1. Would you point out the residue of region 25-44, among those that are modelled with pLDDT of 90 or more and not hydrophobic (A, V, I, L, M, F, W, C), that is surrounded by the fewest Cβ atoms within 10 Å (Cβ to Cβ)?
2. Is region 117-125 home to any residue that is under 16 Å from residue 2 (Cβ atoms) and of a type in the set (Ser, Thr, Tyr)?
3. With the requirement that a residue be of a type in the set (D, E, K, R) and under 13 Å from residue 125 (Cα atoms), what does region 1-22 give you?
4. When region 62-74 is examined, which residues are found to be in contact with a strand residue (DSSP E or B) (Cβ under 8 Å, 6 or more places away or on another chain), assigned to a loop (DSSP other than H, G, I, E, B) and closer than 20 Å to residue 41 by Cβ?
5. Every residue in region 100-117 that is more than 13 Å from the chain's Cα centre (by Cα) and of a type in the set (Ser, Thr, Tyr), please.
6. Go through region 72-95 residue by residue and tally those that are within 20 Å of residue 127 (Cβ to Cβ) and either in contact with a Ser or Thr (Cβ under 6 Å, 6 or more places away or on another chain) or crowded, with 20+ Cβ neighbours inside 10 Å (or both).
Amino acid sequence: MRLYCLRQSYTATTTIGVLLVEDKQYCFTLEDRIQAPGFKLPGKTAIPTGHYHVVLTMSDRFRRLTPELLDVPGFTGIRMHGGNTERDTTGCLLVAFHLIDNSTIQGTAEAALTSLLAGRHGDHYIDVIDTWHPLITL
């Protein structure tokens, strides 16, 4: 299955996007802010744009099966899970059905997404794409 995270809105602390499953909008995403290329602040940096393999694995932190993005440069343990604001992520991709504003999503899509992926055989991949990239000054 092909997933696409289309990043669309940026603030000083968050990156908001839309998650497509195949070619249909599925939910909204929230990540930490994008940093300059090659620059990473632990727990405060969005994952790099790219193409990643997604697998369902048991999360030690959440103690449940969640989608995990593999081989993300500079990151480990990147998961797609529920949450509302940047306080709920330390580099992961939050997924929810409702966009409240440029810093809040609501109505977790984690269980539904996990179930959808579990019900589809074969490999799963996500493309993380910036639809607009802000000028970043450090």
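The values are calculated or read from the model by the stated rules, or taken from the named source; none is laboratory data. This one's a predicted model, so the numbers in the text were calculated from it and none came from an experiment. Cβ: placed from backbone, ideal geometry, glycine included. Neighbour counts: every protein chain shown.
1. Among those that are modelled with pLDDT of 90 or more and not hydrophobic (A, V, I, L, M, F, W, C), it is 25.
2. Checking region 117-125: at least one residue is under 16 Å from residue 2 (Cβ atoms) and of a type in the set (Ser, Thr, Tyr).
3. If the condition is that a residue be of a type in the set (D, E, K, R) and under 13 Å from residue 125 (Cα atoms), then 2, 22 are the ones that fit.
4. Those that are in contact with a strand residue (DSSP E or B) (Cβ under 8 Å, 6 or more places away or on another chain), assigned to a loop (DSSP other than H, G, I, E, B) and closer than 20 Å to residue 41 by Cβ: 72, 73.
5. Step one: of region 100-117, the residues more than 13 Å from the chain's Cα centre (by Cα) are 100-104, 106-107, 111-112, 114-117.
Selection gives 103, 104, 114, 115.
6. Total satisfying the criteria: 10.
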